Amino acid sequence: MGAQEPVCVGIIGGGLMGRELAAAIGRWAALVDHPVRPELRAVCDADPAALRWFDRIDTVETTTQDFHELLRDEDLDVLYIAVPHHLHEQLYLDAIAAGKDFLAEKPFGIDLGAAERIVAALDERPGVFVRCSSEMPFFPGAQVALETIASGALGQVIEAEGSFLHSSDLDRSKPINWKRQTEYCGAIGVMGDLGMHVAHVPLRVGWRPQTVFGVLQDVVTERPGPGGEPVRCDTFDNATLHCSVDHPLGAFPLTLATKRIAPREMNTWRLRALGMDGGVEFSTAHPKTVRRFAVRDGRQVWEEFEVGSRSVFETATGAIFEFGFSDAILQMWAAFLAERAGALDGRFGCATPHEALESHRLFDAALRSGESRCAEPV
């Protein structure tokens, strides 16, 4: 292993995902051979209680409620901006103007217009390196599925499905949060929160929807507010997008589902694709198992095999162990910092700004479809 390039990191938004990054940096030595060594130096959050959590990390020198301090800090090489959707546009544009590289949380703005303005600003500053958060495709089984699809082993694609399924909002007594309010989350609702995760792989393999029929469900219309009073939930809980994808071998349906109310699920990402010659299926509910389909001697054969704890970047973790969410976070950041250093070397990379923009176009078309009750062009 050669010398690692030190990279100083700052976090804007010290909530759940900011803490996940801090934990991933703490586990960085698990990566066997990575060109970069990140060090967390600064954290910004509007809530002093959130900042106090980072007192346990010795390398953190700055905690502040003013994000401009991080933008002005010339010693910070990379930022992670993990804030609610309504804050994306201004923070991302300010970071771009300041020349800061950053990993952005999805969905790149509260709506399509915001995403367009962010990507336009990036196109004008090609020296600023930005990617969009989407960690679930870094599961080893997801990588096997992606490689199977990219290899052409499916032949003519018949159909494909991708989904990200939560049950976090199944409890009707759960207090309202910003993800259920259009003011903060945007009209796209659950699509903004979970949609990049299911769009990442299809867009990466070239499956770009031409039309979409959106089935959008506002299942729980009120939740308890801060004082226990009912507050209107004005975003969608669940969204199922029935898309048509053009392909040289023939058009096929692609179904993308994002749900916060999915009984029986906890935090499940799935990908399934079937073709005339083969198929593949993976779910994080069974993190070590991939199912593959093939036609052999005129017979249909489904087989299961174990993939273990191996992903894009090799780690010290034994292959027999199960891969989990914290491992996916580590892999996503390993990919982000390796690509920034010009050392991705053909490995799977984080979602790009233009992929984030394409996903927004899909979500916007799904909103129009929800209103028209017809398939809409993307």
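Where a number appears in this text, it was derived from the coordinates with a stated rule and is not lab data. Values in this document were obtained by computation on a predicted structure and should not be read as measured data. Glycine gets a Cβ as well: all are built from the backbone with ideal geometry, and neighbour counts include every protein chain shown.
To the nearest 0.05, how large is the calculated FRET efficiency for residue 174 and residue 322 if R₀ is 30 Å and r is the Cβ-Cβ distance?
Numbers: r = 28 Å, r/R0 = 0.94.
Approximately 0.60, to the nearest 0.05.
Write down the percent of antiparallel bridges among all DSSP beta bridges whose residues are both part of the chain, to the nearest 5. Show your work: numbers first, answer last.
Values: 50 of 78 bridges.
Bridges in the chain are about 65 percent antiparallel.
Hey, what did region 5-132 get for relative contact order, percent, Cα under 8 Å, at least 6 apart?
Dividing the mean separation by the residue count of region 5-132 yields 24 percent.
Given a cut-off of 23 Å, what percent of all Cα-Cα pairs of region 183-291 lie beyond it?
39
Please state, to two decimals, what the Cα-based radius of gyration of region 143-192 comes to when divided by 2.2 N^0.38 Å (N = residues). Each step should come with its number before you reach the end.
On the way: Rg = 17.7 Å, N = 50, 2.2 N^0.38 = 9.7 Å.
It is 1.81.
Karplus couplings for region 237-254 from phi (6.51 cos²θ - 1.76 cosθ + 1.60, θ = phi - 60°), rounded to Hz, Gly and Pro as x?
6, 10, 9, 10, 10, 9, 10, 10, 10, 6, 8, x, 8, x, 5, 8, x, 10
What pairs in 174/288; 106/174; 100/288 have C-alpha atoms more than 29 Å from each other?
In this structure, 174/288; 100/288 lie more than 29 Å apart at Cα.
Determine the relative contact order of region 171-234: mean sequence separation of Cα pairs under 8 Å and six or more apart, normalised by residue count, in whole percent. Provide the component values of the computation, followed by the final result.
Working: 52 pairs, mean separation 27.5, N = 64.
Reported as a whole number, the value is 43 percent.
Count neighbours as other Cβ atoms within 10 Å of each site's Cβ, and list the GluC sites (Glu not before Pro) in region 1-103 that are DSSP loop with at most 15 such neighbours.
Answer by residue number: 61, 74.
For residue 255, what residues show an amide H to amide H distance below 5 Å, using hydrogens built from the backbone and excluding near sequence neighbours?
160, 161, 162, 243
Which aspartates and glutamates have a Cα less than 13 Å from the Cα of residue 259, not counting those fewer than 8 places away in the same chain?
Partners within reach: 169, 193, 218, 237.
Hydropathy first: keep DSSP H helices in the chain averaging at least 0.5 on Kyte-Doolittle, then drop any whose Cα extent along the axis falls short of 20 Å, and list what survives.
For the chain, where a helix must reach 20 Å along its axis and average at least 0.5, the hits are 190-204, 325-340.
Which of the trypsin sites (Lys or Arg not before Pro) across region 296-378 are loop residues per DSSP, with 11 or fewer other Cβ within 10 Å? Don't jump to the answer; show the numbers that get you there.
On the way: sites: 296, 299, 310, 340, 347, 361, 368, 373; in loops: 310, 347, 373.
Counting only loop positions with at most 11 other Cβ atoms within 10 Å, the trypsin sites (Lys or Arg not before Pro) in region 296-378 are 373.
Using bins 5 angstrom wide from zero, how does P(r) for region 5-132 break down, in % of all Cα pairs?
Computed distribution, short to long bins: 2, 11, 22, 24, 20, 13, 7, 2, 0.
Separation between the residue 251 and residue 299 pseudo-spin-labels, each 7 Å from Cα along Cα→Cβ, expressed in nm?
3.8
Set Lys and Arg Cβ to +1 and Asp and Glu Cβ to -1, take the dipole of region 5-132 about its Cα centre, and tell me which of 112, 129, 29 lies farthest positive.
Value: 29.
Compute the FRET efficiency between residue 222 and residue 52 as 1/(1 + (r/R0)^6), taking r as their Cβ-Cβ distance and R0 = 45 Å, and round to the nearest 0.05.
0.85
Dipole of region 5-132, Cα-centred, from +1 at each Lys and Arg C-beta and -1 at each Asp and Glu C-beta, to the nearest 20 debye?
Numbers: 12 positive and 23 negative charges, 68 e Å.
Dipole magnitude for region 5-132 comes out near 320 debye.
Only Cα pairs within less than 10 Å get springs; with that Gaussian network setup on the chain, which residue of 336, 325, 108 has the largest fluctuation?
Comparing 336, 325, 108 in a Gaussian network model of the chain, the most mobile one is 325.
Given the options 320, 367, 336, identify the residue whose Cα lies farthest towards the positive end of the charge dipole of region 295-378 (+1 on Cβ of Lys, Arg; -1 on Cβ of Asp, Glu).
Checking the options against the dipole of region 295-378, the answer is 367.
Where is the GNM fluctuation largest for the chain (alpha-carbon springs, 10 angstrom cutoff): 294, 82, 328?
Among 294, 82, 328, the largest mean-square fluctuation in the Gaussian network model of the chain belongs to 294.
Which option, (1) 26, 26, 21; (2) 40, 24, 18; (3) 32, 27, 20, is the value of semi-axes √(5λ) of the Cα gyration tensor in Å that was calculated from these coordinates?
Correct label is (3).
Rank 248, 84, 353 by mean-square fluctuation in a GNM of the chain with C-alpha springs under 10 angstrom and give only the top-ranked residue.
The residue with the greatest mean-square fluctuation here is 248.
What 222 nm value per residue comes from the helices of the chain, counting each DSSP H run with n ≥ 4 as -39,500 (n - 2.57) and dividing by all residues, nearest 500 deg cm²/dmol?
Taken over the chain, the calculation gives -9000 deg cm²/dmol.
Can you list the residues, at least 5 places off or on another chain, whose amide H is less than 5 Å from the amide H of residue 307, using H built in the peptide plane?
Placed amide hydrogens put 289, 290 under 5 Å from residue 307.
For Cα pairs less than 8 Å apart in space and 6+ apart in sequence, what is the mean separation divided by the residue count of the chain, i.e. the relative contact order in percent?
Relative contact order of the chain: 20 percent.
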